[in-house]
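The structure appears right after this line, and notes come after that.
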Amino acid sequence: RKGGFEHFMLKEIFEQPDVFQQSFRLANGHNSTSMLLRRARGISVIACGTSYNASLLFRYFAEKECGVPVRVDLASEYRYLSTPEDEVVIAVSQSGETADTLSALKKAKDSNCQTIAITNVQGSSITRIADHTIYTGAGPEMSVAATKSYIAQVAAFSGLLAGMSCSDTSSVECSVRQAIEESLLTDVSEAVSLCSKVSTLFYVGRGIFYPVALEGALKMKEISYIHAEGYAAGEIKHGPFALLSKETPAVAVCLPGDGYQSMLANLREMKARGTPLIGIGYGDDIDLKEVADVCIPVPKGDAYAQVAAVTVVMQRIAYYTALALGRDIDKPRNLAKSVTVE
Ligand code: F6R
């Protein structure tokens, strides 16, 4: 069942080129939902864990590509916050059974919001509550750690944005597939040997790479049990500086685009405080090479391809670190595939 892979997680990581394509197409076909979003007076997204990280990413893309403000809330906090009427609320849940997400969605419905579910499981509870459902095409995910279901959510969001005709995404499918395929083969061994020797790690990024850093840190902590904290790179100086030393490496995403120079400046500040840096960026970036101790190249491409490539590299760093530490990768301690209690 693992198709020759040692763990489901690795098998699922390798399925991602197809999963992105499938999920993008499924969401892109939802014309009525895209239209609903385009006409919305406000858009809110609610989710937990990895699904929340995918939702944060949607916010960056939607605001940049469509100029549509998007509010993103943790489903477990939503009950303590106001729910404006007439909003379109998107609830994102791979399993479709997460209790906090279901409660938040019910609250949105009670406030007369139009609701959309994005889920990977046909007929799951979330689909019975939401007005509209978009299925992601990831197929069953056996590993507790979400990998392909995250890429599927990112694809669904990009398919929806394409449907809203905010950007020309005709080349996205192809560029993302190439980026994922290439990143499945990148050598991550130096990063793994650094990570597997420490007890704390930072993951930093700016802009679209901030939510990607959050997701990278989540993956690392849940399967390797190493304390990994995702941070917006600009925030590191507002507290975490006190923790920086040669014992606290950082995985840093530094790709040309918005915030690139600021990111380099943040990395120099961290380096000056002793932090070993694992830089994820372009292979020919001499500025990054100068500041980073280890450089992991990702292929050049559009923003979606960059996100997908960095995600895959981070998933593989987490996987091989957990493997080196002998962890129970597909079934990490204390975790379940769906969290059905609040
Ligand atoms: C992390 C992970 C969890 C889930 C979270 C929400 O790898 O799997 O953080 O993302 O429990 O689950 P769903 O998406 O099923 O609502």
**Request:** Tally the residues that are closer than 13 Å to TYR304 by Cβ and more than 12 Å from the ligand (Cβ to nearest atom), restricting the search to the range 41-61.
**Result:** 4
**Request:** Tell me which residues, restricted to the range 131-155, are hydroxyl-bearing (Ser, Thr, Tyr) and within 13 Å of the ligand (Cβ to nearest atom).
**Result:** THR136, SER143, THR147, SER149, TYR150
**Complete:** From the option list ASP110, ASP131, single residue qualifying as surrounded by fewer than 18 Cβ atoms within 10 Å (Cβ to Cβ), under 19 Å from ASN28 (Cα atoms) and without any contact (Cβ under 8 Å) to a residue 40 or more places away in the chain is ASP131
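Does the range 200-213 include one or more residues that are surrounded by 19 or more Cβ atoms within 10 Å (Cβ to Cβ) and in contact with a His (Cβ under 9 Å, 6 or more places away or on another chain)?
yes
Only one residue in ALA232, ALA309, ALA318, ALA250 is within 20 Å of ALA145 (Cβ to Cβ), touching a residue at least 12 places away in the same chain (Cβ under 8 Å) and away from the ligand (no atom under 16 Å from the Cβ). Which one? Write out each step before concluding.
Details: ALA232 fails: within 20 Å of ALA145 (Cβ to Cβ); ALA318 fails: away from the ligand (no atom under 16 Å from the Cβ); ALA250 fails: within 20 Å of ALA145 (Cβ to Cβ).
Within the list ALA232, ALA309, ALA318, ALA250, the selection yields ALA309.
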**Looking only at the range 90-104, and only at residues there that are within 7 Å of the ligand (Cβ to nearest atom) and of a type in the set (Ser, Thr, Tyr), the one that is nearest to LEU56 (Cα to Cα)** = SER93
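Please pick out the residue among GLU269, GLU229, GLU190 that is out of contact with any strand residue (DSSP E or B) (no Cβ under 7 Å at 6 or more places or on another chain), among the acidic types (Asp, Glu) and either closer than 26 Å to GLY137 by Cα or modelled with pLDDT of 95 or more (or both). Working first, answer last.
Working: GLU229 fails: out of contact with any strand residue (DSSP E or B) (no Cβ under 7 Å at 6 or more places or on another chain); GLU190 fails: out of contact with any strand residue (DSSP E or B) (no Cβ under 7 Å at 6 or more places or on another chain).
Every option except GLU269 fails the conditions.
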**Request:** Working only within the range 117-143, note down all residues that are β-branched (Val, Ile, Thr) and touching a Gly at 6+ places or on another chain (Cβ under 7 Å).
**Result:** THR119, VAL121, ILE126, THR127
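Restricting to the range 292-305, give me the number of residues that are under 16 Å from GLU173 (Cα atoms) and either touching a residue at least 40 places away in the same chain (Cβ under 8 Å) or not in a loop (DSSP other than H, G, I, E, B) (or both).
Keep residues of the range 292-305 that are under 16 Å from GLU173 (Cα atoms), which gives 299-305.
Next, from what is left, pick out any that are either touching a residue at least 40 places away in the same chain (Cβ under 8 Å) or not in a loop (DSSP other than H, G, I, E, B) (or both): 299, 301-305.
The qualifying residues number 6.
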**Complete:** Listed by first then second residue, the pairs whose first member lies in the range 137-157 and is over 20 Å from GLY3 (Cα atoms) and modelled with pLDDT of 95 or more, whose partner is among the charged types (D, E, K, R) and within 11 Å of the ligand (Cβ to nearest atom), with beta carbons under 8 Å and at least 6 positions apart or on separate chains, are TYR150/GLU215
**Item:** Restricting the range 52-93 to residues that are touching a strand residue (DSSP E or B) at 6+ places or on another chain (Cβ under 8 Å) and hydroxyl-bearing (Ser, Thr, Tyr), the residue that is nearest to ASN112 (Cα to Cα)
**Value:** THR83
**Request:** Taking only the range 321-342 into account, find how many residues are surrounded by fewer than 17 Cβ atoms within 10 Å (Cβ to Cβ) and either among the hydroxyl-bearing types (Ser, Thr, Tyr) or within 11 Å of the ligand (Cβ to nearest atom) (or both).
**Result:** 5
**Asked** Residues in the range 166-197 that are closer than 12 Å to ASN28 by Cα, outside any helix (DSSP H, G or I) and in contact (Cβ under 8 Å) with a residue 40 or more places away in the chain: how many?
**Response** 1
**Prompt:** Applying the selection to the range 321-331, what residues are touching a residue at least 60 places away in the same chain (Cβ under 8 Å), assigned to a loop (DSSP other than H, G, I, E, B) and either within 13 Å of the chain's Cα centre (by Cα) or more than 21 Å from GLU15 (Cα to Cα) (or both)?
**Reply:** LEU325, ARG327
**Asked** In this structure, is ALA308 more than 30 Å from SER170 (Cβ to Cβ) and either at pLDDT 95 or above or crowded, with 18+ Cβ neighbours inside 10 Å (or both)?
**Response** no
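Looking at the structure I just gave you, is TYR80 hydroxyl-bearing (Ser, Thr, Tyr) and touching a residue at least 24 places away in the same chain (Cβ under 8 Å)?
Details: hydroxyl-bearing (Ser, Thr, Tyr): yes; touching a residue at least 24 places away in the same chain (Cβ under 8 Å): no.
No; evaluated as a whole, the condition is false for this residue.
The values are calculated or read from the model by the stated rules, or taken from the named source; none is laboratory data. What you see is a predicted model; the values in this text were computed from it and never measured. Virtual Cβ from ideal backbone geometry, glycine too; neighbours counted across all protein chains shown.
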